[in-house]
Amino acid sequence: MNTINRVAVIGLGYIGLPTAAILATNGVEVIGVDVNQRTVDAVNAGQVPFVEPDLGVHVAGAVSQGNLSASTLTPQAEAYIVAVPTPFREDRSADLSYIESAARGIAPQLQGGELLILESTSPPGATEHMANYILNLRPDLSLDGADSKPAILVAHCPERVLPGRVMIELVTNDRIVGGMTAEAAETAKHLYAVFCQGEILTTDAVTAEMAKLVENSYRDVNIAFANELSVISDKLGIDVWELIRLANHHPRVNILQPGPGVGGHCIAVDPWFIVAAAPEESRLIRTAREVNDAKPEWVFQQVVASLESLPATAEVSVLGLAFKANIDDLRESPAIEIAAHLAEALSDRRINVAEPHVEELPKQLAGRNNVELVSIEESVKRSDVVVVLVDHDDVKAISPELLAGKIVIDTRGALTREPTPAAAAV
Ligand code: SAJ
């Protein structure tokens with residue numbers, strides 16, 4: 001199998017840019033393509049437009065070696081990796097328009113023999129859709145050389161890296177590669193082997209698409225179980241953290257941690273792609289989504305109830321806005337949903353928001369005169385009710401003396417939770 005020397009990565013976001021950088025630092029010539037001129041300029045200057053540990057070093061190194069560059073135009077290449085967003089529409093079906101737009105950029109460049117990989121998390125059938133979309137634009141090509149038309153090799157290789165650990169997990173995680181043909185899968189495997197030290201498992205495209213969705217649904221269902229337990233425990237007057245810690249001593253039990261809801265751009269989205277593909281059959285997956293989506297409102301109600309007996313001057317401390325601990329990523333964060341709801345519903349109370357990973361309030365909170373972004377200590381000091389929404393290390397380090405006499409609503413068990421086997425593994 002020929003070595004692939006020149007790769008175009010379409011979409012320089014949280015996945016595309018790390019993938020481009022890791023290929024480039026392993027000696028492949030990589031051209032990153034993005035519609036955003038500012039992203040392109042940043043990458044060409046060796047800079048990273050978002051926070052991800054170690055990514056900056058890789059990008060700066062690859063650009064200075066001359067292996068990585070960026071452009072708004074799709075160039076000719078031996079392989080194309082598509083890593084664009086696949087959001088869901090109002091009706092929760094997947095929006096494939098970014099994939100189609102990437103395909104329109106790639107199609108005119110093809111000569112036959114190229115490898116095309118879809119990395120974006122996709123509903124079942126999206127890789128086939130991308131392949132057909134390209135073949136419609138280029139009827140002179142085929143997927144398998146039929147009718148003597150030159151073949152393009154199309155595969156799906158979902159990314160499975162954890163934000164905050166992307167540069168490590170790109171190298172160490174196992175990968176699943178699903179080909180529209182067996183040759184496409186083998187060729188894609190060959191390309192990923194350039195940097196991936198995990199096992200690279202081949203299958204067909206639709207199974208690879210489902211594998212990714214199933215992984216995130218598995219996590220969503222398990223988090224929903226923990227979230228449901230927290231609501232039940234509250235009703236029964238039980239400490240859910242103790243309950244889970246005790247139950248997890250069983251050798252075959254590993255309950256995850258409850259929280260204020262499920263955020264991020266993957267776990268709260270991907271299960272819907274399965275539900276959309278098989279609505280009647282996906283009862284558990286749908287219910288888990290509903291349980292997790294209902295959690296922010298439940299937390300909001302708890303805060304409102306806790307204020308009932310307090311004077312009108314009582315202030316609220318909101319600790320954390322990110323979608324999980326120790327990152328600056330605010331996308332789809334349940335913490336923001338709760339904070340914004342509190343700010344709106346309690347317009348005559350001061351809401352003291354602390355998020356050590358950001359410098360300004362997000363748009364959902366900015367401009368509200370009852371909301372202020374302050375330090376964790378200041379937020380707690382000023383407030384009568386303390387709502388912990390993210391278990392950042394800085395939040396866990398709050399001294400008990402600072403909290404004395406305050407009502408604490410700790411949605412993550414950050415201040416009380418002892419490490420459990422499950423928590424240690426998260
Ligand atoms: N959460 C809980 N309780 C837990 C664990 C997580 O409430 O016990 C919450 C988090 O606070 C967060 C959300 O769930 O709001 C999601 O966080 P996460 O750390 O579980 O996952 P993500 O979204 O950062 O990354 C996931 C990962 N998938 C799995 O672990 C199966 C990652 O490997 C995927 O690459 C990523 O989705 C993706 O891109 O799909």
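The values are calculated or read from the model by the stated rules, or taken from the named source; none is laboratory data. Just so you know, these numbers come straight off a predicted model, no measurement behind them. Cβ sites come from the backbone with ideal geometry, for glycine too, and all protein chains shown count toward neighbours.
Exactly one condition in (1) at pLDDT 95 or above; (2) within 29 Å of I15 (Cα to Cα); (3) surrounded by 14 or more Cβ atoms within 10 Å (Cβ to Cβ) is false for H265; which is it?
If we test H265 against (1) at pLDDT 95 or above; (2) within 29 Å of I15 (Cα to Cα); (3) surrounded by 14 or more Cβ atoms within 10 Å (Cβ to Cβ), just (1) comes out false.
I'm told K295 meets every condition in (1) more than 30 Å from T25 (Cβ to Cβ); (2) more than 12 Å from the ligand (Cβ to nearest atom); (3) among the charged types (D, E, K, R) except one. Can you identify the failing condition by its number?
(2)
Among the residues of segment 249-283, which ones are within 14 Å of the ligand (Cβ to nearest atom), more than 19 Å from E332 (Cα to Cα) and not in a loop (DSSP other than H, G, I, E, B)?
I274
Check whether at least one residue in segment 57-79 is surrounded by 15 or more Cβ atoms within 10 Å (Cβ to Cβ) and within 16 Å of the ligand (Cβ to nearest atom), and report yes or no.
Checked against the condition, which is being surrounded by 15 or more Cβ atoms within 10 Å (Cβ to Cβ) and within 16 Å of the ligand (Cβ to nearest atom), segment 57-79 yields no hits at all.
Only residues that are buried (at least 17 other Cβ atoms within 10 Å of the Cβ), touching a helix residue (DSSP H, G or I) at 6+ places or on another chain (Cβ under 9 Å) and not in a loop (DSSP other than H, G, I, E, B): list them for segment 168-191, please.
The answer is L170, R175, I176, V177, G178, G179, A184, A185, L191.
Tell me yes or no: at least one residue of segment 236-247 is in contact with a Ser or Thr (Cβ under 8 Å, 6 or more places away or on another chain), within 13 Å of the ligand (Cβ to nearest atom) and within 29 Å of G145 (Cα to Cα).
no
Just checking, does segment 180-199 include any residue being closer than 22 Å to V269 by Cβ and in contact with a strand residue (DSSP E or B) (Cβ under 7 Å, 6 or more places away or on another chain)? Talk me through it step by step, then tell me what you get.
Restricting attention to segment 180-199, the residues satisfying the condition of being closer than 22 Å to V269 by Cβ are none.
Within segment 180-199, none of the residues are closer than 22 Å to V269 by Cβ and in contact with a strand residue (DSSP E or B) (Cβ under 7 Å, 6 or more places away or on another chain).
Looking only at residues that are hydrophobic (A, V, I, L, M, F, W, C) and more than 23 Å from the chain's Cα centre (by Cα) in segment 117-150, which one is nearest to P279 (Cα to Cα)? Working first, answer last.
Of all residues in segment 117-150, those hydrophobic (A, V, I, L, M, F, W, C) come to 117-118, 126, 130-131, 134-135, 137, 141, 143, 146.
Those still in the list that are more than 23 Å from the chain's Cα centre (by Cα) too: 131, 134-135, 137, 141, 143, 146.
On the way: A131: 25, I134: 29, L135: 30, L137: 32, L141: 35, L143: 31, A146: 36 Å.
Taking the candidates together, the pick is A131.
With the requirement that a residue be over 16 Å from V7 (Cα atoms) and within 16 Å of the ligand (Cβ to nearest atom), what does segment 100-124 give you?
Selection gives S120, T121, S122, P123, P124.
Which ones in segment 1-12 are at pLDDT 95 or above and surrounded by fewer than 24 Cβ atoms within 10 Å (Cβ to Cβ)? Lay out the reasoning, then the answer.
Just the residues of segment 1-12 that are at pLDDT 95 or above, to begin with: 4-12.
Those that are at pLDDT 95 or above and surrounded by fewer than 24 Cβ atoms within 10 Å (Cβ to Cβ): I4, N5, R6, V7.
If a residue has to be closer than 10 Å to P271 by Cα, within 9 Å of the ligand (Cβ to nearest atom) and of a type outside the set (D, E, K, R) to count, how many in segment 215-233 make the cut?
Residues in segment 215-233 being closer than 10 Å to P271 by Cα, within 9 Å of the ligand (Cβ to nearest atom) and of a type outside the set (D, E, K, R): 3 in total.
Taking the condition part of a helix (DSSP H, G or I) and away from the ligand (no atom under 16 Å from the Cβ), does R286 pass? Give the derivation first.
Details: part of a helix (DSSP H, G or I): yes; away from the ligand (no atom under 16 Å from the Cβ): yes.
When the stated conditions are applied, R286 passes them.
Hey, among E228, E209, E215, which residue is touching a strand residue (DSSP E or B) at 6+ places or on another chain (Cβ under 7 Å), part of a helix (DSSP H, G or I) and within 24 Å of V275 (Cβ to Cβ)? Talk me through it step by step, then tell me what you get.
Values: E228 fails: touching a strand residue (DSSP E or B) at 6+ places or on another chain (Cβ under 7 Å); E215 fails: touching a strand residue (DSSP E or B) at 6+ places or on another chain (Cβ under 7 Å).
Going through E228, E209, E215 in turn, the sole match is E209.
For the subset of segment 125-162 comprising residues that are within 16 Å of the ligand (Cβ to nearest atom) and surrounded by 20 or more Cβ atoms within 10 Å (Cβ to Cβ), which member is nearest to R104 (Cα to Cα)?
At the first step, the residues of segment 125-162 found to be within 16 Å of the ligand (Cβ to nearest atom) are 126, 156-162.
Add one more test, that the residue is surrounded by 20 or more Cβ atoms within 10 Å (Cβ to Cβ), and what stays is 126, 156-159.
On the way: A126: 15, H156: 18, C157: 20, P158: 21, E159: 23 Å.
Ranking the candidates gives A126 first.
Can you find a residue that is under 18 Å from P18 (Cβ atoms), in a helix (DSSP H, G or I), free of Cβ contacts under 8 Å to residues at least 12 places away in the same chain and not polar (S, T, N, Q) anywhere in segment 144-159?
no
Answer yes if at least one residue in segment 41-64 is closer than 25 Å to A185 by Cβ and either over 21 Å from the mean Cα position of the chain (by Cα) or assigned by TED's automatic domain parsing to the domain that holds T86 (or both), and no otherwise.
Within segment 41-64, the subset closer than 25 Å to A185 by Cβ is none.
No, because not a single residue in segment 41-64 is closer than 25 Å to A185 by Cβ and either over 21 Å from the mean Cα position of the chain (by Cα) or assigned by TED's automatic domain parsing to the domain that holds T86 (or both).
Based on this model, can you work out whether V154 counts as among the β-branched types (V, I, T) and under 18 Å from the mean Cα position of the chain (by Cα)?
no
Can we say A325 is surrounded by fewer than 17 Cβ atoms within 10 Å (Cβ to Cβ) and within 16 Å of the ligand (Cβ to nearest atom)? Step through it out loud before you land on a result.
Values: surrounded by fewer than 17 Cβ atoms within 10 Å (Cβ to Cβ): no; within 16 Å of the ligand (Cβ to nearest atom): yes.
Against the criterion (surrounded by fewer than 17 Cβ atoms within 10 Å (Cβ to Cβ) and within 16 Å of the ligand (Cβ to nearest atom)), A325 does not qualify.
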